[in-house]
Amino acid sequence: MPDQAAPAGYSGLQIALHWLVVALIAQQFILKDAMSTAWDRVTDGLEVGFDPLVLTHVAGGALVMIFAAWRLALRARRGVPRVIEASKLQGALAKLTHVGLYALMILMPVSGAVAWFGAVDVAAQGHNVMKIVLLALIALHIVGALYHQVVLRDETLARMRRAQG
Ligand code: HEM
Ligand code: HEM
């Protein structure tokens, strides 16, 4: 998108969707044990009874994907503020991290759904590998946000808190 068309900041909706997804992904990790246990029963050929925490994992993951797709649509239609970069390398790293996070917000639910609804073991293995990549990217993303806040002292973190333009 050309720079002159970029809005001054993120909209309230873009900010709300960012933080909702943060909460949902945290929930996926905090409450993961119920899903892992249910999956162990599936692979052992045992009966899996109804468990609200399994439903929470499936619904929470589906919401992550819907919200990520919504954010991508908002990026395309409304746009996002201009990147704040201290150097070309830092800008490229931030971009790569964001692309990776968007990709995983879609690939995690897709691999989980293929595993769960199709009983496909390789999809569950992929889900498990991607969860580590996701955690690594989130860690990098948080380090980046703190770097902007503490070292560069710019507006990056503030604009994911307050809506503008
Ligand atoms: C962004 C969305 C998601 C995240 C972050 C996520 C995260 C996780 C995590 C952390 C585990 C535990 C793995 C372990 O250490 O044992 C897990 C397991 C699992 N998840 Fe998800 N999940 C997501 C979406 C989904 C969805 C939508 C489904 C199904 C429709 C699903 C199905 C599964 C299954 C079947 C397992 C068990 C795999 C195993 O233990 O080998 N996940 N997920
Ligand atoms: C589950 C965890 C998270 C995910 C998946 C995630 C994902 C993303 C993505 C994809 C973007 C790019 C937004 C866009 O321009 O379309 C973004 C931006 C941003 N995130 Fe996160 N985020 C997470 C956690 C956090 C946390 C914990 C913080 C604060 C410490 C944070 C601070 C920011 C900031 C400040 C931006 C704006 C960057 C900019 O304007 O250039 N995020 N996030």
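Readers should treat all values here as calculations from the given coordinates under stated rules, not as data from a laboratory. Everything numeric in this text was worked out from a predicted model, so none of it was measured.
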query = What list of ³J(HN,Hα) couplings, whole Hz, do you get for region 14-24 from phi and the Karplus terms 6.51, -1.76, 1.60, once you set θ to phi - 60° and write x for glycine and proline?
reply = 4, 5, 4, 5, 4, 6, 5, 5, 4, 5, 5
message = Please state the shape class of region 70-151: rounded when a/c is under 1.5, otherwise prolate if a/b exceeds b/c and oblate if not, all from the C-alpha gyration tensor.
response = oblate
request  = Per residue of region 120-126, in order, report the coupling 6.51 cos²θ - 1.76 cosθ + 1.60 (Karplus, θ = phi - 60°) as ³J(HN,Hα) in whole Hz, putting x for Gly and Pro.
outcome  = 9, 5, 5, 5, 5, 5, x
message = Cut-off under 24 Å on the C-alpha distance; same-chain residues fewer than 8 positions from residue 131 excluded. Which lysines are left, in chain and number order?
response = 32, 95
remark   = Here region 62-79 yields Karplus 3J(HN,Hα) values (6.51, -1.76, 1.60; θ = phi - 60°; whole Hz; Gly and Pro given as x) of 5, 5, 4, 5, 4, 5, 5, 5, 4, 5, 5, 5, 5, 4, 6, 7, 8, x
message = Below 8 Å, C-alpha to C-alpha, sequence gap of six or more: please give me the relative contact order for the chain in percent.
response = 35
query = With the chain treated as a Gaussian network of Cα nodes joined by springs under 10 Å, which of 20, 89, 104 yields the largest mean-square fluctuation?
reply = 89
ask   = Going by a ≥ b ≥ c, the root eigenvalues of the Cα gyration tensor, does the chain fall in the rounded group (a/c under 1.5), the prolate group (a/b larger than b/c) or the oblate group?
value = prolate
inquiry  = Quick check: Cα centre of region 35-68 to Cα centre of region 77-143, how many Å?
reply    = 20
